[in-house]
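The values are calculated or read from the model by the stated rules, or taken from the named source; none is laboratory data. Computed from a predicted model, the values in this text were never measured in an experiment. Every residue, glycine among them, receives a Cβ derived from its backbone with ideal geometry; neighbour counts consider all protein chains shown. Heads up: the accessible areas ignore ligands, DNA and RNA and are worked out on the full protein's heavy atoms, side chains in. Shrake-Rupley method; radii C 1.70, N 1.55, O 1.52, S 1.80 Å.
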There are 2 protein chains.
Amino acid sequence: MTERIYTAGLVVIGDEILSGRTHDKNIAQIASWLQVQGIRLSEVRVVPDVVERIVEAVNALREAYDYLFTTGGIGPTHDDITVDAVAEALGVPVIIHPEARAILERYYASIGKELTEARLRMARAPEGAELIPNRMSGAPGIKLGNIHLMAGVPHITAGMLDALTGTLEGGAPLQSETVGCWTPESEIADILRQVEQAHETCQIGSYPFFREGRVGANFVVRSTNSEDLRSCVDSLCDGLATAGFDFTPGGI
Amino acid sequence: MTERIYTAGLVVIGDEILSGRTHDKNIAQIASWLQVQGIRLSEVRVVPDVVERIVEAVNALREAYDYLFTTGGIGPTHDDITVDAVAEALGVPVIIHPEARAILERYYASIGKELTEARLRMARAPEGAELIPNRMSGAPGIKLGNIHLMAGVPHITAGMLDALTGTLEGGAPLQSETVGCWTPESEIADILRQVEQAHETCQIGSYPFFREGRVGANFVVRSTNSEDLRSCVDSLCDGLATAGFDFTPGGI
């Protein structure tokens, strides 16, 4: 029986990533979280703060994958246009979400500030959307169909992911085990290929590194089936031992 | 006179990025390097180690932008399939590049090792390609038309970028200046919008942060014209001062 694989796409919205000014942390954060939900991140697109470019990426990825996430562009300033772009992609109007407005009113009252016109921008949502709670700053994320709009600031997105944990349907989580060697990956290439070919539900990735003046590589075996994973890792370790290579279970 | 804007796309090839195991560093590194060359990174796609997916992304981005960069998948192991995918995208065969073979022969002789079949994989290139020198490990990057295949390991890619510096035609580099405020961006939103509207060759990005228990934001003004940039930053600082906000030229 082949198990259904659930997939997700991610659109990272941000001139600051494309300029190199900000190092993205959301790709790795969302990827790791999705793994635990049994969902595989299958594609990421980073696009600039331009409505047409966001619309194009959102439409391509929401149709290609089970879930779509976006990060960035849901704050109060003029360059926050994600809500407008997603509404346009879906062909629905932008509304002031009453629940989001109430959340923002309470939040700003609690810190002794007013809900200005600019802050009220953070209550805008495509019609029909639900909210994703954000305990950090009041301004919620937005969920509409298979689309999830998250913040650009990584720790705010972390809180939104936390709120979503366990709410998305997924398959068996992809499991992985790592074996490391202080050996150039080019010496291990034949063993890797043979072991992967003999274990069809498993994939082996080879990730070389250069540390402490020496080269090495970590080999990451991945499978949704824990027995196959075990068997593949055992074969890899046997192959390395037979060929006379030292290796470190768990990786280096 | 409107200046020509040179653009680039980047395809990041790597299951390890999509699994969350590895935090990508190449997007920021290549983005920053491109800025200095007067080229704007306009889109990034992260795709898995699957030939058809790489072919699709390479074809989409090499046609949409002046330059295309890829990172990852040019090593010696079975999961290194970037050369095959790019050759397929261009409809040319894969060959053993004679110069790359000679480089690898010299490199491995210099460290007392043999050029095995697996290592020789690193001399494979789409027919017609030139090499991009790699002083770190011998294995070269590959340049063919507007496509540049770089390593996945960031410090090796850094060396390849260094070798390419000044060789690509670009426009005026995008310049930027930053102004920081220990104030929630929602309080500044109106000023930002007005200042940006008054300076049509400039863009202002607003990047909120939460540090030391306080919220603030950096406002990044970008333009290819240094006079316009100066004038826009001055207007922004005047606007902030008039409204009574403390600000930090250069950013926080």
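If I go through region A:21-33 residue by residue, how many of them are open to solvent by less than 10 Å² (accessible area, probe 1.4 Å) and either touching a Phe, Trp or Tyr at 6+ places or on another chain (Cβ under 8 Å) or at positive phi (or both)?
Residues that pass the stated criteria total 1.
Give the residues of region B:168-215 that are open to solvent by 30 Å² or more (accessible area, probe 1.4 Å), at the interface with chain A (Cβ under 9 Å from one of its Cβ atoms) and either in a loop (DSSP other than H, G, I, E, B) or aromatic (F, W, Y) (or both), sorted by residue number.
Across region B:168-215, the qualifying residues are B:L174, B:P184, B:F210.
Name every residue in region B:34-55 that is within 28 Å of A:V51 (Cβ to Cβ) and at the interface with chain A (Cβ under 10 Å from one of its Cβ atoms), in order of residue number.
B:L34, B:Q35, B:R40, B:L41, B:S42, B:E43, B:V44, B:R45, B:V46, B:V47, B:R53
If A:G9 meets every condition in (1) farther than 23 Å from A:M122 by Cα; (2) more than 12 Å from the chain's Cα centre (by Cα); (3) of a type outside the set (D, E) apart from one, which number is that one?
(2)
Of everything in region A:18-27 that's facing chain B (nearest Cβ under 7 Å) and part of a helix (DSSP H, G or I), which residue is farthest from the chain's Cα centre (by Cα)?
Result: A:L18.
Output the residue which, of all residues in region A:34-67 that are over 18 Å from A:I17 (Cβ atoms) and crowded, with 23+ Cβ neighbours inside 10 Å, is nearest to the chain's Cα centre (by Cα).
Among those that are over 18 Å from A:I17 (Cβ atoms) and crowded, with 23+ Cβ neighbours inside 10 Å, it is A:L34.
For B:V92, indicate whether it is in contact (Cβ under 8 Å) with a residue 60 or more places away in the chain, touching a Pro at 6+ places or on another chain (Cβ under 6 Å) and away from chain A (no Cβ under 14 Å).
no
Within region B:140-167, which residues are open to solvent by 20 Å² or more (accessible area, probe 1.4 Å) and assigned to a loop (DSSP other than H, G, I, E, B)?
B:G145, B:N146, B:G152, B:V153, B:T165, B:G166, B:T167, listed by residue number.
Contact list please: Cβ distance under 7 Å, first residue in region B:227-243 and under 16 Å from B:T178 (Cβ atoms), second residue part of a helix (DSSP H, G or I) and of a type in the set (G, A, S), pairs at least six apart or on different chains.
B:S235/B:A198
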